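Read through the structure below, which is laid out as structure tokens, and then see the notes.
The values are calculated or read from the model by the stated rules, or taken from the named source; none is laboratory data. Keep in mind that what you see is a predicted model, and the values were worked out from it rather than measured. Here Cβ is always computed from backbone atoms with ideal geometry, including for glycine, and neighbour counts include all displayed protein chains.
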Amino acid sequence: MVLPVQSSFYGSYTPVGDLVTIAVCFVILILLFCSFIKRTRSFRIFLMIVGLLLVSAYANVTYNTLLERWDPSLYFWVSALRVLFHGALFAIFFLFTQYIAEVTSLERRAALWVTFIAGVLFVAVVALDIIDSLNHTFGFRIDPDGTVHTGMNIFYVGYFAFVILIAALLVRVRNYLFSRVMFGFFCTIVLAIGLNLLQLLVKQSSFTVSSFMLPVFAMLYIMHSNPYNAKLGTVDISALEDMVRFEYSHKRPFGFLSLYLPAFAEEHAEMPSAIQSAVRKFSSSFFRGAVVFSVGPGHMLLIYDKQRNPNYEERITRILEAFHAQHARFRNDYKIVIGDSVDRISARNDYVHLIRTVLRDMKENTIHRIEEKDFAAYNRQEYILKELVDIYHHRNLNDSRVLVYCQPVYNIALRRYDTAEALMRLDLPETGIIFPDEFIPLAEKNGYIHVLTEIILNKTCREARRLAEEGYSFSRISVNVSAQELKGTYFCRDISQIIRNADLPGDRVALELTESQDESDFLVMEEKIRELKSMGITFYLDDFGTGYSSLERIMQLPFDIIKFDRSLVVASGASDKSEQIVRNMARLFAEMDFSVLYEGVETEKDEKRCVGMSASYLQGYKYSRPVPISGLRDFFTRAA
């Protein structure tokens, strides 16, 4: 016999709230599956919370369905579902505490205390709920006619105990979270509590699980969808374009302050919590409605509305004074750029590129206000980049915009010039000659460097063949290769094909490489060098002495010539001790059958000193500045 349920354990019930919760949870999971989100520990906790919401909603629907079809034989399953329903919600409360501790990077000791207190509370309320279900006299029970008696109703005791704990935890971490993030969490928790209190007043129980969805929405939007960095109070660069577009379309002028901290410029560099706290204050303390964007590791950009901050110059002065007070405390190097919105930059939505152009030429611990000359430099860089894009897409190995200059190298044993280093220049219609330090970083950053290398190698090989056909005596001409290129799947194929197409013996070509610190790069470099050496190509280790080279690695790589950087030439002339160190290093390489080339030789003193330090080759302004590759005819010896 099936009897109708007379009352729920704390009010009337309809499954609408739980069914909606189930649907929303699946939508969240689908969206997360289709999007690219960092799989952090906080994200895994968030997924567990969503999973427990599904469990609790299914348990509550099933529990109430069995009550509607009540039969005394179902008592065990009804009691078990009730405990599962409550247990899943208390487990969500426990995970809320772990989530907050994780996203705020709460110190380990405090985090352990939070885990302990929340764990004890979870075990206690679940245990009491089980005991309550087993105590048929004073606890939860169902009469034969289906009337439900809630007993002590442990759920709300545990509910408010966890609410107090979470509120205390949020107060404890208030200095670790950006104020807007705190506001978002607090508001959703207050709304969730309000929804449950309203349920009690109207004797309703349909939206208990749904109330737990409100903080989950806050987590999803603030931490895993909205680009807030909760600890810094910064917004991801992906939101910057939207803001600039909005301000520009509404003709609203804005100003910006950029802060770059080189010490934290590496991808995984961890900013100390004290500095994070200082950044949070800057995010909201000086300008009304300002937003701070994280535009790269160690790089933050504050944008403020000028209309809402009419005294913005005064505010800039105050924020800089506050910054200098913090700098006296932390002593981290910095670069600050200050500027105002300009229509031509807003239209292109390219403030980050403009600022990075300015940063490139700034000295550390300086402040720069953007001027008209900065826009000129930015426009120049944009033009160079546009030309690089065009060179890349055309892939013309004879592109007239790429010029080959060469610096001859003096062979001490032969007492003549018999090698040279090929150096790249760009000759663009609007700018004329552009030197490598201006366009190589752009080419490397944007993935265009290999095409430039192919062009200069092709032109070098073809000119080398002509020199040989004309009877000029030389050993080889070297071409610089970026370590970035070695990772390319077809690097060796491209290099060897260009040399073969030029009908030039491989031993007339050399490649200059700078050693990478990355272990994977080292392994790739070793593999590619050995493959190309089989063609007779000579390999130089470039820039030895600049701080990147490891003697152990050099011994493993099959280089032929070690190029001592000019810094070592200068250092060797600074003191007897420095000269002895450079001398011993050079002798070590010479004894191991490496040839030593000193670059940056500018005076007779430099020359004499380097000759006495195991030099095989000398290169520098003493002999010649870089000249067009055709000018090598003035340095190489021609057979009579």
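Miscellaneous remarks
- Selection status of ARG553, over 22 Å from ARG476 (Cα atoms), basic (Lys, Arg), in contact with a helix residue (DSSP H, G or I) (Cβ under 8 Å, 6 or more places away or on another chain) and in a helix (DSSP H, G or I): yes
- Unique match (being outside the structural domain of GLN619 (by TED's automatic domain parsing) and β-branched (Val, Ile, Thr)) among VAL409, VAL402, VAL358, VAL389: VAL358
- Residue in the stretch 388-407 that is part of a helix (DSSP H, G or I), of a type in the set (D, E, K, R), surrounded by 18 or more Cβ atoms within 10 Å (Cβ to Cβ) and without any contact (Cβ under 8 Å) to a residue 60 or more places away in the chain present: no
- If you check ARG315, ARG344 for being under 30 Å from ARG425 (Cβ atoms), part of a helix (DSSP H, G or I), among the basic types (Lys, Arg) and not assigned by TED's automatic domain parsing to the domain that holds ILE455, only one passes: ARG344.
- Yes/no for THR453 being surrounded by 17 or more Cβ atoms within 10 Å (Cβ to Cβ), hydroxyl-bearing (Ser, Thr, Tyr) and farther than 23 Å from ARG360 by Cβ: no
- Extreme residue, modelled with the highest pLDDT, among residues of the stretch 35-78 that are in a loop (DSSP other than H, G, I, E, B) and not aromatic (Phe, Trp, Tyr): ARG69
- Only listed residue being assigned by TED's automatic domain parsing to the domain that holds ARG553, touching a residue at least 12 places away in the same chain (Cβ under 8 Å) and touching a Lys or Arg at 6+ places or on another chain (Cβ under 6 Å), chosen from GLY612, GLY631, GLY620, GLY600: GLY600
- The stretch 321-351, subset among the aromatic types (Phe, Trp, Tyr) and in contact with a Phe, Trp or Tyr (Cβ under 9 Å, 6 or more places away or on another chain), residue surrounded by the fewest Cβ atoms within 10 Å (Cβ to Cβ): PHE323
- Residue that is modelled with the lowest pLDDT, among those in the stretch 514-539 that are aliphatic (A, V, I, L, M) and outside any loop (DSSP other than H, G, I, E, B): LEU523
- Scanning the stretch 210-228 for residues that are of a type in the set (Ser, Thr, Tyr) and at pLDDT 70 or above gives SER210, SER211.
- Selected residue [at positive phi and either in contact with a Pro (Cβ under 6 Å, 6 or more places away or on another chain) or in contact (Cβ under 8 Å) with a residue 12 or more places away in the chain (or both)] from GLY536, GLY488, GLY506: GLY536
- When LEU504, LEU511, LEU557 are checked against the criterion of being more than 19 Å from GLU444 (Cβ to Cβ), surrounded by 15 or more Cβ atoms within 10 Å (Cβ to Cβ) and modelled with pLDDT of 90 or more, a single residue qualifies: LEU504.
- LYS563 in the same structural domain as ASN480 (by TED's automatic domain parsing) and touching a strand residue (DSSP E or B) at 6+ places or on another chain (Cβ under 7 Å): yes
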